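Below is one structure, written out as structure tokens; the observations come after it.
Please treat every number below as a calculation from the coordinates, not as lab data. Fair warning: this is a prediction, and the values are worked out from it, not measured in the lab. Heads up, the Cβs are rebuilt from the backbone with ideal geometry, glycines too, and the neighbour counts pull from every protein chain shown.
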Amino acid sequence: MTITNLTTTIDPNAIGEQIYSLMKELFPICRSITGNGVRETLKIIGKHIPLEIHEVPSGTEVFDWTIPKEWNIRDAYVKDSKGARVIDFKQSNLHVVSYSVPVNKKMAREELLSHIFTIPEEPELIPFRNSFYKEDWGFCIEHKRLCDLNDHEYDVCIDSTLEDGFMTFGEFFLQGRTDDEIVIFTHTCHPSLCNDNLTGISVATFLAEWVRASSRHYSYRFLFCPTTIGSITWLALNEPQLYKVKSGLILTGLGDSGGFTYKKSRKGDSMIDRTVAQVLCALGKPFEIYEFSPFGYDERQFCSPGFNLPFGCLMRTPNGKYPEYHSSGDGLGFISQKNLAESLKTCINIIESLENNRCYFNTNPKGEPQLGRRGLFRAAGRKHQPPEEQFAILWVLNLSDGFHSILDIVERSGLKLELVKRAADILITCGLLQESPDNDTSKI
Amino acid sequence: MTITNLTTTIDPNAIGEQIYSLMKELFPICRSITGNGVRETLKIIGKHIPLEIHEVPSGTEVFDWTIPKEWNIRDAYVKDSKGARVIDFKQSNLHVVSYSVPVNKKMAREELLSHIFTIPEEPELIPFRNSFYKEDWGFCIEHKRLCDLNDHEYDVCIDSTLEDGFMTFGEFFLQGRTDDEIVIFTHTCHPSLCNDNLTGISVATFLAEWVRASSRHYSYRFLFCPTTIGSITWLALNEPQLYKVKSGLILTGLGDSGGFTYKKSRKGDSMIDRTVAQVLCALGKPFEIYEFSPFGYDERQFCSPGFNLPFGCLMRTPNGKYPEYHSSGDGLGFISQKNLAESLKTCINIIESLENNRCYFNTNPKGEPQLGRRGLFRAAGRKHQPPEEQFAILWVLNLSDGFHSILDIVERSGLKLELVKRAADILITCGLLQESPDNDTSKI
Amino acid sequence: MTITNLTTTIDPNAIGEQIYSLMKELFPICRSITGNGVRETLKIIGKHIPLEIHEVPSGTEVFDWTIPKEWNIRDAYVKDSKGARVIDFKQSNLHVVSYSVPVNKKMAREELLSHIFTIPEEPELIPFRNSFYKEDWGFCIEHKRLCDLNDHEYDVCIDSTLEDGFMTFGEFFLQGRTDDEIVIFTHTCHPSLCNDNLTGISVATFLAEWVRASSRHYSYRFLFCPTTIGSITWLALNEPQLYKVKSGLILTGLGDSGGFTYKKSRKGDSMIDRTVAQVLCALGKPFEIYEFSPFGYDERQFCSPGFNLPFGCLMRTPNGKYPEYHSSGDGLGFISQKNLAESLKTCINIIESLENNRCYFNTNPKGEPQLGRRGLFRAAGRKHQPPEEQFAILWVLNLSDGFHSILDIVERSGLKLELVKRAADILITCGLLQESPDNDTSKI
């Protein structure tokens, strides 16, 4: 329970700046689902938290999937007839379709155009495209520049390699007082895109730092993996240990200025679902709760029917619901330090709430205990104790029968979690409340 | 599953005309709960489908009831002092109260009037009246004609017989791949009334023809019986076999221009209830779902507490909710071919939905299967596969754990049943989905 | 079932006057949680119903509490420098803080003022204050009179005793056909306050008289106790018998002109909760149902987690929601005979509904029984039987499978309880309905 109130020690301005700085450092790197960009990214995260790096060889079978070849890229360009680089990977790594196979030849305008992708409705933005599981190549450019490609022939070069190698992911585990685990997952496969997903990576990194400094009931596992193949691989490697996972949260899209969105797990009423709903509600700002659907981020894998783990996804504006999504519009200017700090604080609130969600039993369950002689009753004329605190004490006593958790009490009483938690702490001090002996968090 | 898409082979204009023609043929016949009118009706239906005719002797005890005497009528009239037929059975069989005992005598105006029924609020319409279980007699006339009965004495004749005989009903059974049964019930006891219930009789007949031509998972039983005594008798005769009945539907009032109304079974959330709700919803037109109540049609008997079978009732405007109900206003002009065709199509949709409502399991339940290498994933740049189909595939994979049926997936995803069904078919073809071995339809 | 319709024998004007008269008799008495005021109150109630008086010695331990010393008071006053009684217990017993320890000395204005309580926002009213569990003393006056206390010194006297003695409460038990018990609780500890709680005391007394004159399925226990310590003591003394208690109702605040308020038990859907909701709904006037909360009246104790008994609380305007609450404004003018009579009638309706809430089974559950030959069916042309009665008969037959109670039928059909009850009685007479053999009221 010592985890409480650590949020108050965080300076929002300072922490927002720190998260943003980490993002700036990661932004130029050309990440994909494999390759050196991922390694470099994990190395930088490793300066904050001691990441364990996993390298899974190409060709390894993971359930229905196979670890693909490793992709790396040094350079790529399209030169016009005068030798000028009209498309240049060095200007933006979004210009090259991720996982493009090597190309080096002159080709007619028509052939080139069939490999070029744009967003007609957003002519100023370079789209983000990939071809992870089908050997192909392509370039992405601003739609408004399409009309400039007038030469008959172009010199096209993609100096990439697609060869047997490894898929790389990072893991940071923190043992708690119990083996029950909370998993935080964030994807590392996107190149220079900020909201999706340098914000998830950076917020998860600072969240991990914070959890590391806290006393913990739960164990915590932070996963930095490529999307889909990464979560599937981790699930395949850790299948016998999955019974320990009590809650999971996907972090992504945490820097834009939209309100929070939480997408529920397939179960829909698990501890993480109820906890996040309470935390967002207590923020006092507009937010949205989405029902589970089997598309979106890696919750798809954790919530597949063979696992059905209670994983939700926390974001601000959901994927696909803002025009900058998966394009060069999602740059360092699209997100803000303030939003990042608020996102981190919200993640911390969620973890605090999970940590505090214990079941207690009232040691004097028959009638109310006499609060007056313990100094817990607002007597005649004394008004300095706020009534809400009195209410919280009575609610905790009334519902603490060993079966109602703090979260149950919050939901039923309508009181704030911190008030209920404080009441529980006071009652524990008085000996009127004890932790339930069979406090199995999977049932809470 | 071969039942799908047969509806598309039906020409709505042609089928509406055929149903209407059958009704025209049946319209003049004077039906009641027993007698030759019923036999003649079943004989005509028998030209479309091979009906098994049951004759249950008068006096047979069926639960709390006894099969009544058989009623037949040749002629009936009221002659005025000049010998003119002022009320004439030959003009409309509604003129005679059904089950009227024989009468043949002169009587004073006052005595006659005490046996005459009208609808004061609908002065142009002849009411339909019966006295099935109490020996009595009477005439029904237009209220506006009441004032014409000015003579002091009338010659009253009802040339009927009420004698030991039989109650007649028809049954048509179609064996499916399983013994699990769907029962379609429609009542045959009303004289020249169209919506209630020549529409039920005729739509059921054409529905039976259609089911007969289809490959079937379920077995189907079509019942053409008098109301109340008919359903009670069938229940009494078939009690040991009732465990096979998985769903039942009463058909009536299917020709008027109102939107569809479905009255739920006593259980309220059985497969037939949820299926009809989905089908009506997918029609995209206004409809109403009524909670079960123990009045209305023969669902009262099937849903009595000793059976509690999942029988709902499909109609358009409910009984008693239109002024023409149970009167001469419910004639051939009250209903239309278009409405009949739409009603048949809706019944077919319901049966298709029941047939398609299977439980499957995802053969690759751990993480998503790799759809890309099976050509099921919308890859970069390809837009020809509609997103909804992609969604349907992912929903079917996610929920197919052997416990969620197609109907469950439709309800949770909000996608159309045909889309979900098509996704399931595609996944079966790919080997990614298999029918659940314990596919007990009573649990679906 | 003979309890039905006794309400019709009550003359509302007469009974309202009688309840009011009892209140007038009790009003002047200075009650507290112990002492002679309580004894005198119970003696007067005892003229109506044969109360058993319990005397529990000071110092007795009851769960977490201890019976306090007994408090009695003869006189109290504050005299100014001229010897005039500026505050006088004989003018209103509210002037003295209940449980004030003896005081007899001259004191400076400042010291006196620190023991004086007022209601600044209601300057005309004397507040009601107590210090039951902390030895202290004080006076309560109208806020507007505070400015008159200008002398430098006052002669302060509280001629009270706080000594070992007893806590007194009254109990009236009525054996029914079963040992299953309904408990009616009302608190007796408030001095000259009418709505809270002479109305509860008086209505409970007349309700007890009425139940005593009725044939009873349940046994009834009426408790007249001080709040908190009284209910806790009764629970402590009767713990082994609590399994018999099937429903409980706290009565208080039943004389003001507000609509009824029912506060649900902690269980929230117990028989008493559902019954009171039905009764208030049938009244056809505005009312409110509150969810349970662990503050308010003695339901707090009965609903504590160690007991979790199904006790709700019936009142009109809830405690604290009217300015006269716990002040001299809550006098004989604040309540009316009409409201008292309506409150009693509502309590009687609740008890009638509890008594009538039996489970039956339809003796002819397969199909409908033939109502016609039993004279229960509205045949052609006969309109004298109202359709609602017909509906009630069909609903009772349809749902009476031994598991649905009368209350279930009322809730599902939307029909009034008396209609459903009458239908059940008719069907019992016909032999079509029998009481369920395992009619355990704890399950209803």
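Shape analysis of segment B:359-435 based on the Cα gyration tensor places the equivalent ellipsoid semi-axes at 19, 15, 10 Å, largest first. The 3J(HN,Hα) values that the Karplus relation (6.51, -1.76, 1.60; θ = phi - 60°) gives for segment C:39-44 are, in residue order, 4, 4, 4, 5, 5, 5 Hz. Gly and Pro appear as x. Spin-label model, C:Lys321/A:Phe295: points 7 Å from Cα along the beta carbon direction are separated by 4.9 nm.
Local charge for B:Ser270 was computed over the other residues whose Cβ lies under 10 Å away, with Lys and Arg +1 and Asp and Glu -1, and equals +3. A simple rule links phi to the HN-Hα coupling: the Karplus curve 6.51 cos²θ - 1.76 cosθ + 1.60 with θ = phi - 60°, which for segment A:152-160 gives 7, 9, 9, 9, 10, 9, 10, 8, 10 Hz, with x for Gly and Pro.
Helical content alone sets the calculated 222 nm signal of chain C at -8500 deg cm²/dmol, taking -39,500 (n - 2.57) per DSSP H segment of four or more residues and averaging over every residue.
Suppose every Lys and Arg Cβ carries +1 and every Asp and Glu Cβ carries -1, with no other charges. What dipole size does the protein assembly as shown come out with about its Cα centre, to the nearest 20 debye? Dipole magnitude for the protein assembly as shown comes out near 300 debye. Residue-wise HN-Hα couplings along segment A:167-172, as the Karplus relation 6.51 cos²θ - 1.76 cosθ + 1.60 with θ = phi - 60° gives them from phi, are 9, 10, 9, x, 9, 9 Hz; Gly and Pro carry x.
What FRET efficiency comes out for A:Glu111 versus B:Val101 if R0 is 56 angstrom and r is the Cβ-Cβ distance? Round to the nearest 0.05.
On the way: r = 95 Å, r/R0 = 1.69.
So, using R0 = 56 Å, E works out to roughly 0.05.
The rule of thumb for compact globular proteins, 2.2 N^0.38 Å, goes into the C-alpha radius of gyration of segment A:81-203 1.38 times. Amide H contacts of C:Thr261 (H built 1.01 Å from N, in plane; Pro and chain starts excluded): C:Glu288, C:Met315, C:Arg316 sit under 5 Å, all sequence-distant by 5 or more or on other chains.
Dipole of chain B, Cα-centred, from +1 at each Lys and Arg C-beta and -1 at each Asp and Glu C-beta, to the nearest 20 debye? Don't skip to the end; give the middle numbers.
Working: 47 positive and 57 negative charges, 323 e Å.
So the dipole magnitude of chain B works out to roughly 1560 debye.
Just so you know, the Cα atoms of chain C work out to an Rg and Dmax of 25.5, 93 Å. Annotation for C:Glu121, label-to-label distances across the other copies: 5.4, 5.4 nm (shortest first, one decimal, point 7 Å from Cα along Cα→Cβ). Scaled to the globular estimate 2.2 N^0.38 Å, the Cα spread of segment C:165-227, given as radius of gyration, is 1.21.
The rotation axis that maps chain B onto chain A passes nearest to the beta carbon of this chain B residue, listed with its distance in whole angstrom: B:Asp269, 11. Principal axis analysis of the Cα atoms in the protein assembly as shown yields extents of 116, 114, 48 Å, listed in decreasing size.
Note down the net charge around B:Lys106, summing +1 for each Lys or Arg and -1 for each Asp or Glu among other residues with Cβ under 14 Å from its Cβ. Please list the in-between numbers first.
Details: positive: B:Lys79, B:Lys82, B:Lys105, B:Arg109; negative: B:Asp80, B:Glu110, B:Glu111, B:Asp151, B:Glu153, B:Asp155.
The answer is -2.
At a threshold of 8 angstrom on Cα-Cα distance, excluding pairs fewer than six apart, so keeping six or more, what relative contact order does chain B reach in percent? Show your work: numbers first, answer last.
On the way: 899 pairs, mean separation 74.9, N = 444.
Computed over chain B, the figure is 17 percent.
What you get for segment B:226-354, charging only the Cβ of Lys and Arg (+1) and of Asp and Glu (-1), is a dipole of about 220 debye around the Cα centre.
In this structure, the amide hydrogen of A:Val62, modeled 1.01 Å from its nitrogen in the peptide plane, lies closer than 5 angstrom to those of A:Ile67, counting only residues at least 5 positions away or on a different chain. Between copies, the label points of A:Leu242, set 7 Å from Cα on the Cα→Cβ line, lie 4.5, 4.5 nm apart, reported in increasing order to one decimal in nanometres.
First select every other residue whose beta carbon is under 12 angstrom from the beta carbon of B:Glu355; then total the charges, Lys and Arg +1, Asp and Glu -1.
On the way: positive: B:Arg177, B:Arg216, B:Lys246, B:Arg358, B:Lys421; negative: B:Asp180, B:Glu352.
With Lys, Arg at +1 and Asp, Glu at -1, the neighbours total +3.
Along its first, second and third principal axes, ordered by size, segment A:196-354 spans 43, 33, 27 Å in Cα coordinates.
Taking 24 Å as the cut-off for C-alpha to C-alpha distance, list the pairs among A:Lys246/B:Lys416; A:Lys43/A:Lys79; B:Lys263/B:Lys321; A:Lys264/A:Lys345; C:Lys90/C:Lys345 that go past it.
On the way: A:Lys246/B:Lys416 34 Å; A:Lys43/A:Lys79 34 Å; B:Lys263/B:Lys321 14 Å; A:Lys264/A:Lys345 20 Å; C:Lys90/C:Lys345 36 Å.
As for pairs spanning more than 24 Å Cα to Cα, those are A:Lys246/B:Lys416; A:Lys43/A:Lys79; C:Lys90/C:Lys345.
Amide H contacts of B:Ala76: B:Phe89, B:Lys90, B:Asp159, each under 5 Å away and 5 or more positions distant or on a separate chain (H built 1.01 Å from N in the peptide plane; Pro and chain starts excluded). Residue exposure proxy: A:Thr168, C:Thr252, ordered by other Cβ atoms within 10 angstrom of their Cβ from fewest to most, comes out as A:Thr168, C:Thr252.
Over segment B:5-86, the Kirkwood radius and the radius of gyration, each from Cα atoms, give a ratio Rg/Rh of 1.16.
C:Ala14 label point (Cα plus 7 Å toward Cβ) to equivalent points in the other copies: 8.3, 8.3 nm, shortest first.
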